[in-house]
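Engineer: Below is the structure I would like to discuss, written out as structure tokens.
What follows draws every value from the coordinates through simple rules; no lab data is involved. The shown structure was predicted, so the numbers you read here are calculated from the model rather than taken from an experiment. Note that each Cβ is placed from the backbone with ideal geometry, even for glycine, and that neighbours are counted across all protein chains shown.
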Amino acid sequence: MKLYANYHTHTCFCDGQDTPQELVEEALKLGLKVLGFSGHGYTAFDESYCMSQNGTKAYREEIHSLQRQYAGRLTILCGLEEDYQTQEKAEGYDYTIGSVHYVYKNHVYIPVDKDIETLHKAVRDHYAGDVYGLIEDYYQSVADLGRKLHPDIIGHFDLITKFNQQSPWFDETHPRYRKAAQKALQALLPLKLPFELNTGAMARGYRTEPYPATWILQQVLEAGVPIIFSSDCHDRTQLAFGFDQAVALAERMGFQLFHALSDHLAIN
Ligand SMILES: [Zn+2]
Ligand SMILES: [Zn+2]
């Protein structure tokens, strides 16, 4: 089975390293048929990682110009990775990925994927040491992704586990963890939106398995919800990082239907 698409690609318009054109050239080298760009949508409370408001306009113009330039050689999509906490409207994109990167507590936005120290501090400062309190709030936002953002794809469902392999800070088999994740699954699976099988944390050396964990993926499979492979690329040398492993995992588990988002969009 040859993979031919990546729908989760960041550029220098947000926190990625490469220009869109460099990524297009890399996609052609790898033999991809579809390259979906998914710049981080603007969040006013944290501008450190996302596209600026003017940058968003420039990003769209740049992607549209590449679409014309590479027509017939590569299907290029102009998407957006929207954070749950955004105040912006995502209109006019080919698709959106809905992702939770923050827990909002006591008027503070706590990034869950920045570093482990931030999480330890947040648990101390805002949850009186109760890690599962923070995790329950995270999954409450995840559960609400469909209602709030109406995304086309559910991004890295269990991002909250990013540092847990290298610096364990909670037990992924704990009943409160399982219950919180389970409630989010119950809210999202009926929507039948594709879940990412996301290798981004593997590329950056945090994890040896893609998001989400296998027990979650098993429920995605049983619910008949499609998966979509994504590298969450921030560096063109990792545009298809871990895809062989992710495909092998999906095949071993019995996924039959490999979702091609382009089939669901009016793209010529
Ligand atoms: Zn993300
Ligand atoms: Zn991303």
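Engineer: Using Cα pairs under 8 angstrom and six or more residues apart, how large is the relative contact order of the chain, in percent?
Structural biologist: 18
Engineer: Here is a follow-up. Nearest 5 percent is fine: what portion of the DSSP beta bridges confined to region 5-264 is antiparallel?
Structural biologist: So the antiparallel bridges in region 5-264 amount to around 20 percent.
Engineer: Which value at 222 nm does the chain reach when only helices count, each DSSP H run of 4 or more adding -39,500 (n - 2.57), with the total divided by all residues and rounded to the nearest 500 deg cm²/dmol?
Structural biologist: It comes out at -10500 deg cm²/dmol, rounded to the nearest 500.
Engineer: On a C-alpha basis, how far is the centre of region 203-232 from the centre of region 28-60 in Å? Whole number, if you could?
Structural biologist: Region 203-232 and region 28-60 have Cα centres separated by 22 Å.
Engineer: Please list 56-66, 164-174 highest first by mean number of surrounding beta-carbon atoms within 10 Å per residue.
Structural biologist: By packing density, highest mean first, the sequence is 56-66, 164-174.
Engineer: Over 18 Å between Cα atoms, which of Lys29/Lys57; Lys33/Lys57; Lys105/Lys162; Lys114/Lys183; Lys148/Lys183 qualify?
Structural biologist: Those over the limit are Lys29/Lys57; Lys33/Lys57; Lys105/Lys162; Lys114/Lys183.
Engineer: Per the Debye formula with a single identical scatterer at each Cα and no solvent contribution, what log10 I(q)/I(0) holds for region 5-264 at q = 0.15, 0.18 Å⁻¹?
Structural biologist: -1.09, -1.58
Engineer: Now for a separate question. Per the Kirkwood treatment, what hydrodynamic radius in Å, one decimal, follows for region 1-71 from the mean inverse distance over all distinct Cα pairs?
Structural biologist: 12.7
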